[in-house]
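The values are calculated or read from the model by the stated rules, or taken from the named source; none is laboratory data. Fair warning: this is a prediction, and the values are worked out from it, not measured in the lab. Here the Cβ positions follow ideal geometry from the backbone for every residue, glycine too, while neighbour counts run over all protein chains shown. Heavy atoms of the whole protein, side chains included, go into the accessibility calculation; ligands, DNA and RNA do not. Shrake-Rupley method; radii C 1.70, N 1.55, O 1.52, S 1.80 Å.
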Amino acid sequence: MTELFVMRDKISRFVKEYETWFLIIAKFIGMMFVFNCVNSQLGYFEILDNPMVNVLLSLICSIIPGSFSVFIVAAVITAHMMKLSVLIGALVIVVMLILYLMFLKFAPEQSVVLLAVPVLMQYDMHFMIPILAGMFFSPYAVVPAVIGLFMVKFLGYACGAASIVGTGMSFNLDAIVEAMGTIIGQVTDDKMIWLYAIAAAVAMAVVFIISQFSFDYAWYAAIAAGAAAEIVVAFFCAAAFGIDLNIIGLVAGAVIGALLAMLLQFMKCAVDYSRKEYVQFEDDDYYYYVKAIPKISVSGAEKNVVKVNSQTKKSVKNGVQASQENK
Amino acid sequence: MLNEEKIRWMTKASIYEKRQGRIDLGRNEYFMGDYVRLHLLKNGISLTIAYILLAGLYAVYKIEEIFDMAANMQLGLLLKEMLLLYIILLVIYTGIGIVYYSWQYQSSRKQVKKYYRILRHIDQCGEKNVRTQEDKR
């Protein structure tokens, strides 16, 4: 067990020493996945569907704040949709503006949640996001998570409706109305958005509330409870709405999300509950009841290596001989 | 001679200033009422623009019904309903905004108070240093 904490300490020190580079590399890899996902799902603009363009955009996104990366991704999506159909592209711009103005501007630091959903949806792993977000963000993270899912569904239906409005610049009101009716009808009939919203909200609320308690191993209990709640609620919603749910994806996503959250929590903070202390004290303003749990920090043994080799012996011999000759 | 205690406090203050302190100290420049009102105003403008866009989308979606209503002189009724919905949304957003931005301001204030305590510690270390040097002379 001690070796585990020693390894944790070594990894933690290594990451902290090169924190800036780790963040840049992690953002670069993440954005490569995001742009790859966007181009594989849309891919109408050939210039953007180019690995070198992906690399360049990912490099830019790796050094700018996360909220600006969302704008760049939105611009890429708009470019693809405009290439497909100008009117559908305009509709996508309006919808994205509405979502940003009404919801996303309140949580710019949670852009990673928004961008993670479409990437993980490709592998049916998007159910791991509520557990991770509930642990490391606020419960408001359910909003960017649901918006991410909504945008994936909306863009899919919008691409399907492009054949109705046509790809040219001609303004046909009947076609636009028909296309909007089709998209809105498909979005409202898609109960998966509601299932994900309810399951994510419940999971994040459970994780957040339980993690605030002060009992031992509260963080890990919160993660386990959040994963269980998400699976149960998703099953109930699938039965209630009559949706065909990918059970393997749901369970795998929840379990992997829980394991990853536990690992990240362990790396972030490891405490020794056996040495907890309860203290009471007061100051001018308050009387304090404090539960103090010491953090575990185990450093590896320091090794001092002294090398004794033949060159050292020779130089000692030569020195002795030289001093004898001088005599 | 280096004062280790002072360096420790100064390092804490510097780390705070570099990260969360930029946001907290910026918020602390306002009175709470002004801070909340400013953000409510920004929210109101964002909500209004978003509502206009939504209304435009809805109008395009229901264009035939709107033409029928215009022909039957019922457009005023529709406009009243939309205005009522806008006011309800604005009230909800304002209520949430008041709670959220007040909480945000209070959290920043607590952090800034801790930061000022660190600055007092640095001052005290500086005074101790001066007294020690005077005693040595």
*Do we find a residue being exposed (fewer than 14 other Cβ atoms within 10 Å of the Cβ), in a loop (DSSP other than H, G, I, E, B) and among the aromatic types (Phe, Trp, Tyr) anywhere in the stretch A:14-36?*
yes
*Mind checking which helices (runs of 4 or more DSSP H) fall wholly inside the stretch A:98-204 and carry at least 2 residues that are within 30 Å of B:Gly56 (Cβ to Cβ)?*
A:111-121, A:142-165, A:173-189
*Can you tell me which residues in the stretch A:76-133 are charged (D, E, K, R) and more than 14 Å from every other protein chain (Cβ to nearest Cβ)?*
A:Lys83, A:Asp124
*Scan (1) assigned to a helix (DSSP H, G or I); (2) of a type outside the set (A, V, I, L, M); (3) closer than 30 Å to A:Asp189 by Cβ for the single condition A:Gln265 breaks and write down its number.*
(3)
*Could you look through the stretch B:41-66, keep only residues that are farther than 19 Å from A:Gly185 by Cα, open to solvent by 60 Å² or more (accessible area, probe 1.4 Å) and of a type in the set (A, V, I, L, M), and pick out the one that is nearest to the other protein chains (Cβ to nearest Cβ)?*
B:Ile49
*Answer yes or no: is there a residue in the stretch B:67-86 that is within 14 Å of another protein chain (Cβ to nearest Cβ) and closer than 25 Å to A:Ala107 by Cβ.*
yes
*Could you please give the count of residues in the stretch A:183-208 that are more than 27 Å from A:Gly134 (Cα to Cα) and either more than 12 Å from every other protein chain (Cβ to nearest Cβ) or surrounded by 17 or more Cβ atoms within 10 Å (Cβ to Cβ) (or both)?*
3
_Number of positions in the stretch B:109-123 that are surrounded by 13 or more Cβ atoms within 10 Å (Cβ to Cβ) and more than 12 Å from B:Tyr16 (Cα to Cα)_ = 3
*Looking only at the stretch A:134-146, which residues are over 11 Å from the mean Cα position of the chain (by Cα), open to solvent by 40 Å² or more (accessible area, probe 1.4 Å) and more than 12 Å from chain B (Cβ to nearest Cβ)?*
A:Pro139
